[in-house]
Amino acid sequence: MSCTNQQKNIGLALHNYHDTYQSLPGGSVWLVLTNSAGGTPVTVAEWSPFTVLLPFVEQQARYDAVLSISVPSGTSNLHDPATTYTALTGKCPVFGCPSDSNFSGADDSLLTRTSYVVCKSDVLNNSNGWGTGVNIEAARPRMAFPTDNHKGLEAITDGTSNTIALSESGVLPPVPKPGVWSSGREIKYAFSGAVANLATSNGIANCLATVDPNDRRLVKGTTAGTAAGQYQARRGYFLYSSYGFYTAFATVLPPNSPHCGNAGPGAWGMYSANSYHPGGVNGTFFDGSVHFISETINSVSPGLTAAPKQELNGESQYGVWGAFGSINGGESKGL
């Protein structure tokens, strides 16, 4: 119930944002920050949609603190600065699921975590919102939160009650200090990197194969790192980042599935919705309603042999779950 209420608040914030700006937030936001050396302000990219929702969830002071950050001239994106700014640390309770002890266990010296993730439709997605290496950000026909582009609710032609806006995912365990790998291997927050051929007909099988066959709660890799066969515990690591692995999911694999990428956290891949609620996840739809979605929902078949579609019109190939992710696939499917 508490998690449902948290998501309702974020869903209401989306609507209030839309009422104010006549659009939804972009999937990767640009903010203008102060130049630490004085002179021309610095435009910094790759902020998450959650960043600009802060004033709409009674976090105006936190948002003002973000906007007051001073960065060096030449800083191009959020992940450039070597300094961890105080304004980007500390818990923000509205973005934490009460059932996730890793969120509540994170101390205030850490980067701000998030249990909640926005939907990047039913396609493979990456940090900056592009498809598989092709800059098609202005189109992104299936996505409500494209990079550097804003869509209104009118773009959701499948219906706001049939299209999911956000869901949840487990947060990585607290780490001793920045740059230190966490030892957690749970598929709720661990990410298998350098997974081969994700955008081919073998992609679904390759991602599902990253789960430990002896303990389905864990990823198969036992060593933390960035190489093939290794894992990174990074889900929910940074509320302010638009990197798909930190703050987004796609309706490709069903809830409580693994996360896979072709490289590190900034890479494109299959990012899933996960939770500590038994049997599924909570999801907020664009009409503001919150529903519990079973992990057994009609979705992708492990035997799917077609390569994942990228940015095409038409019905989702990932069943009802995939249909929830696309905004205009022509599928009016509901729970």
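Can you tell me which residues in segment 104-113 are in contact with a helix residue (DSSP H, G or I) (Cβ under 7 Å, 6 or more places away or on another chain) and closer than 11 Å to Leu172 by Cβ? Working first, answer last.
Going through segment 104-113, the residues in contact with a helix residue (DSSP H, G or I) (Cβ under 7 Å, 6 or more places away or on another chain) turn out to be 111-113.
Of everything in segment 104-113, those that are in contact with a helix residue (DSSP H, G or I) (Cβ under 7 Å, 6 or more places away or on another chain) and closer than 11 Å to Leu172 by Cβ turn out to be Leu111, Arg113.
Condition first: of a type outside the set (Lys, Arg), crowded, with 21+ Cβ neighbours inside 10 Å and within 26 Å of Gly264 (Cβ to Cβ). Can you find one or more residues in segment 4-23 that meet it?
no
Of all the strands (runs of 3 or more DSSP E) wholly in segment 184-279, which have at least 2 residues that are within 19 Å of Asp122 (Cα to Cα)? Before you say what the answer is, go through the steps one by one.
Working: elements: 190-192, 231-233, 259-261.
So the answer is 259-261.
Is it fair to say Glu154 is within 19 Å of the chain's Cα centre (by Cα), of a type in the set (Asp, Glu) and modelled with pLDDT of 85 or more? Working first, answer last.
Values: within 19 Å of the chain's Cα centre (by Cα): no; of a type in the set (Asp, Glu): yes; modelled with pLDDT of 85 or more: yes.
Criteria not met by Glu154.
What tally of residues in segment 50-76 results from selecting those that are closer than 23 Å to Val171 by Cα and either touching a Cys at 6+ places or on another chain (Cβ under 7 Å) or modelled with pLDDT under 95 (or both)?
2
Take the residues in segment 161-191 that are among the polar types (S, T, N, Q), modelled with pLDDT of 90 or more and buried (at least 16 other Cβ atoms within 10 Å of the Cβ), then tell me which one is farthest from Pro49 (Cα to Cα). Quick ask: steps written out before the conclusion?
We begin by selecting, within segment 161-191, every residue among the polar types (S, T, N, Q); these are 161-163, 167, 169, 182-183.
Applying the additional criterion that residues be modelled with pLDDT of 90 or more yields 161-163, 167, 169.
From the residues that got through so far, the ones that are buried (at least 16 other Cβ atoms within 10 Å of the Cβ) too are 162-163, 167, 169.
On the way: Asn162: 21, Thr163: 17, Ser167: 14, Ser169: 16 Å.
Of everything passing the filter in segment 161-191, Asn162 is farthest from Pro49 (Cα to Cα).
Go through segment 90-110 and report how many residues are crowded, with 19+ Cβ neighbours inside 10 Å and outside any loop (DSSP other than H, G, I, E, B).
Residues that pass the stated criteria total 4.
Within segment 43-88, which residues are without any contact (Cβ under 8 Å) to a residue 40 or more places away in the chain, over 16 Å from Val29 (Cα atoms), surrounded by 15 or more Cβ atoms within 10 Å (Cβ to Cβ) and touching a helix residue (DSSP H, G or I) at 6+ places or on another chain (Cβ under 8 Å)?
Gln59, Arg62, Ala65, Ala87
The values are calculated or read from the model by the stated rules, or taken from the named source; none is laboratory data. These numbers come from a predicted model, not from an experiment. Neighbour counts are summed over all protein chains in view; Cβ atoms, including those assigned to glycine, are modelled from backbone coordinates with ideal geometry.
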